[in-house]
Amino acid sequence: MRLTAPKLETGMQALVKFCALDALYMSDMDTIRGLGLWKPAGIVNNARTALVFSLSASNSRLAPPEKPIHLVNADSAASGVQCPGAYFRWDVGPIFETYPFIIHDASSHHRPRYTLLSTDFVTSIIRVQSIQCSGFASLAGGCCDACRTVDSAVEVVEKWAQQSFGKKSIDRLNHAQLEAKLNALSRQLKAEQVKKHNYWTSLKVARKRETALIELFDLLSANNVPGLPRLLSTAKKEG
């Protein structure tokens, strides 16, 4: 069922709200620094040595994970002192465009079984922590058992990110999907607006013709036109 222009406008307002929230998560780095929403958390001291970022507590809508973020090297993780979480490569595409950051918002109904701790935008590595994380790393695996088995939850989110926006809830879409949905709704809204304009134009023309016909009938009724019935009969037959 196609949406009317008013319903489309209401739906787009809700979509723009989520797009704005999504933009806070995936803005380009200059915008991120300018807004002060993200801040450097530290350097991962391992073979790939990459800069990662954590959410800044400067914005209540972007609160950091309940447990503080501690970036540790591989040696300290293996010591079993603290669980650093699990690392996964995000192969869907650029993290800014394809990761659905909105699912970690408190208002989302599709929150995963893990918390996103940090992202490496160069190598597309995400670091996550299971919501059942024990807080202590095992000696053998470098993270706790709960974080080691969170890969299935990450795979679910990857599938969401690869799907078309379709009729899916907007609180689980990534930036690329939100943008595609907004563009599609914008085209549909424009088509409805054009249709509405055409309806009003047709109605205006019809009203002018109605006024002209009323004036004609008034003129005919006020004047005796010889042979008028015959003329009308002939015009009717000839269409």
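Every read-out reported here was derived from the displayed coordinates using simple, explicitly stated rules and does not represent laboratory data. Because the structure is a prediction, the values reported are computed rather than measured. Cβ: placed from backbone, ideal geometry, glycine included. Neighbour counts: every protein chain shown.
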> Across region 103-141, what is the number of residues that are closer than 20 Å to residue 90 by Cα and in a loop (DSSP other than H, G, I, E, B)?
Replying inline: 10
> For residue 180, are the conditions met, namely being closer than 22 Å to residue 91 by Cα, surrounded by 11 or more Cβ atoms within 10 Å (Cβ to Cβ) and without any contact (Cβ under 8 Å) to a residue 60 or more places away in the chain?
Replying inline: yes
> Hey, does region 191-214 have a residue that's in contact (Cβ under 8 Å) with a residue 12 or more places away in the chain, in contact with a helix residue (DSSP H, G or I) (Cβ under 9 Å, 6 or more places away or on another chain), in a helix (DSSP H, G or I) and surrounded by 17 or more Cβ atoms within 10 Å (Cβ to Cβ)?
Replying inline: yes
> How many residues are surrounded by fewer than 13 Cβ atoms within 10 Å (Cβ to Cβ) and of a type in the set (Asp, Glu) when one looks only at region 152-177?
Replying inline: 1
>> Restricting to region 93-109, give me the number of residues that are of a type in the set (Asp, Glu) and over 12 Å from residue 176 (Cα atoms).
In response: 1
>> Please go through (1) surrounded by fewer than 20 Cβ atoms within 10 Å (Cβ to Cβ); (2) touching a strand residue (DSSP E or B) at 6+ places or on another chain (Cβ under 8 Å); (3) not in a loop (DSSP other than H, G, I, E, B) for residue 97 and return the number of the only condition it doesn't satisfy.
In response: (2)
>> Given the options 195, 168, 237, name the one that is under 23 Å from residue 106 (Cβ atoms) and of a type in the set (Lys, Arg).
In response: 168
